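Colleague: One structure, pasted below without further comment.
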Amino acid sequence: MITDPICKAHVTEESNYVTDYGGKTYYFCSAECKNKFDQMEKSVIRLKRNIGERERISFGKLKKEIINLGICTLCGACVSSCESIAFAGNQPKLIDKCTACGVCYNQCPRTVTREEDLVGKLRFGYAARSSIPGFKGQDGGVVTALLAYGLEEGLLDCAIVTRKSEDDPWKAEPFIATTVDELLESSGSIYSHSMTMEPLMSAIKQGMRSIAFVGPSCNIDAVHKMQTSPYGFLHLFLRAKVLKFGLFCMDSFEHEGIREFVGTHGMDLSDIDSMKIRKGVFEFGMADGIKSYDLSELDQYRSTSCKFCTDMAAENSDISFGGVGTPQGYSTVLARSSIG
């Protein structure tokens with residue numbers, strides 16, 4: 001039985017309305033449906049030509065970056081937009097010649113094809129660093145400086161931040177900072193998960209109403225959902241204003257995994273002064289210098305959730321901070337919301 005691709009009505013091969021496209025014959029119930037199909041295919045041809053003039057992208061790129069890595073959502077966007085692609089073995093497969101028009105790649109929800117897909121929407125971007133003596137953060141010390149300013153000027157009641165545990169070196173310990181001295185305890189990055197939601201709720205229960213919350217995209221998304229979802233918990237505390245400070249994040253590791261890695265390489269966590277990921281390298285800063293290792297060496301210790309993260313730049317924050325895109329010693333600062 002033959003189906004009209006436009007209205008889905010059943011038709012026969014005796015229909016007077018026929019179109020050949022992509023080596024296949026299509027039958028329609030009326031001239032109106034045939035015209036709609038013809039116009040749609042003309043638009044697809046124009047789109048392919050337009051994309052092709054800018055960049056040649058083959059199905060192979062989609063296969064390498066999305067399908068082979070197992071992150072294809074099986075939505076069918078590539079299959080529906082190209083007659084040379086079909087589902088085979090529960091994944092998209094090229095069944096005919098690829099013209100490298102790029103349509104399949106540009107329709108895929110998992111590919112990054114626009115600048116805003118990389119960093120999200122923003123209002124202003126800055127390269128900044130703190131001018132306050134003694135404020136030494138991971139890059140430009142901007143997060144610490146802004147939080148200190150907010151506390152000293154009475155704009156903030158507290159800040160939810162993370163410091164290193166005194167009892168277990170480099171173990172993430174979230175806490176409520178209400179003074180500049182406490183803020184300084186939280187400077188620098190810790191590459192493991194920090195359970196910051198509990199101190200946030202504790203601060204609200206203590207009556208704090210203007211709160212800065214610092215965390216990577218996963219923690220920021222939790223606060224964002226609590227603020228915006230119909231079932232969001234923060235709806236119960238409408239008087240509490242939470243300013244979200246998002247940290248660029250590309251990897252997080254199990255604390256015990258980092259301890260094991262450090263130990264097998266002749267180091268001790270208590271002797272490490274700083275940690276930093278830069279250009280695919282994990283750097284451990286120590287008194288006698290920096291020891292560097294290829295990031296892939298820590299793959300087995302990476303948090304499983306990081307394997308599926310698509311938000312490096314904390315897109316749901318009010319302000320995002322990171323060391324990517326600016327000179328060493330500076331922070332990239334992306335103001336995203338009006339309050340940010």
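The values are calculated or read from the model by the stated rules, or taken from the named source; none is laboratory data. None of these values were measured; they are calculated from a predicted model. Cβ: placed from backbone, ideal geometry, glycine included. Neighbour counts: every protein chain shown. Just so you know, the surface numbers come from the protein's heavy atoms only, side chains and all, with ligands and any DNA or RNA stripped out. Shrake-Rupley method; radii C 1.70, N 1.55, O 1.52, S 1.80 Å.
Colleague: Condition first: surrounded by 12 or more Cβ atoms within 10 Å (Cβ to Cβ), touching a Lys or Arg at 6+ places or on another chain (Cβ under 7 Å), at pLDDT below 90 and not charged (D, E, K, R). Can you find one or more residues in region 280-289 that meet it?
Modeller: No, region 280-289 has no match at all.
Colleague: With (1) free of Cβ contacts under 8 Å to residues at least 60 places away in the same chain; (2) not in a helix (DSSP H, G or I) as the list, and GLU315 as the residue in question, which single condition is left unmet?
Modeller: With (1) free of Cβ contacts under 8 Å to residues at least 60 places away in the same chain; (2) not in a helix (DSSP H, G or I) applied to GLU315, the lone miss is (1).
Colleague: On the basis of being open to solvent by 50 Å² or more (accessible area, probe 1.4 Å) and over 17 Å from the mean Cα position of the chain (by Cα), does ASP268 make the cut?
Modeller: Yes: the conditions hold for ASP268.
Colleague: For region 124-179, which residues satisfy the criterion of being part of a strand (DSSP E or B) and among the hydroxyl-bearing types (Ser, Thr, Tyr)?
Modeller: TYR126, THR162 - these are the residues of region 124-179 that are part of a strand (DSSP E or B) and among the hydroxyl-bearing types (Ser, Thr, Tyr).
Colleague: Identify all residues within region 192-207 that are over 17 Å from PHE245 (Cα atoms) and in a loop (DSSP other than H, G, I, E, B); write none if there are none.
Modeller: SER192, GLN206, GLY207
Colleague: What is the one condition in (1) over 30 Å from LEU147 (Cα atoms); (2) free of Cβ contacts under 8 Å to residues at least 40 places away in the same chain; (3) exposed (fewer than 14 other Cβ atoms within 10 Å of the Cβ) that PHE308 does not satisfy?
Modeller: Looking at each condition in turn, PHE308 falls short on (2).
Colleague: Of all helices (runs of 4 or more DSSP H) completely enclosed by region 71-119, which ones contain at least 3 residues that are open to solvent by 80 Å² or more (accessible area, probe 1.4 Å)?
Modeller: Correct list: 115-119.
Colleague: Right, another one. Is it the case that some residue within region 177-194 is open to solvent by 30 Å² or more (accessible area, probe 1.4 Å) and closer than 30 Å to ARG56 by Cα?
Modeller: no
Yes/no per residue for (1) over 28 Å from GLY257 (Cα atoms); (2) without any contact (Cβ under 8 Å) to a residue 12 or more places away in the chain; (3) open to solvent by 40 Å² or more (accessible area, probe 1.4 Å); (4) under 29 Å from the mean Cα position of the chain (by Cα):
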| site | (1), (2), (3), (4) |
| --- | --- |
| GLY141 | no, no, no, yes |
| GLU153 | yes, yes, yes, no |
| VAL161 | no, no, no, yes |
| GLU173 | no, no, yes, yes |
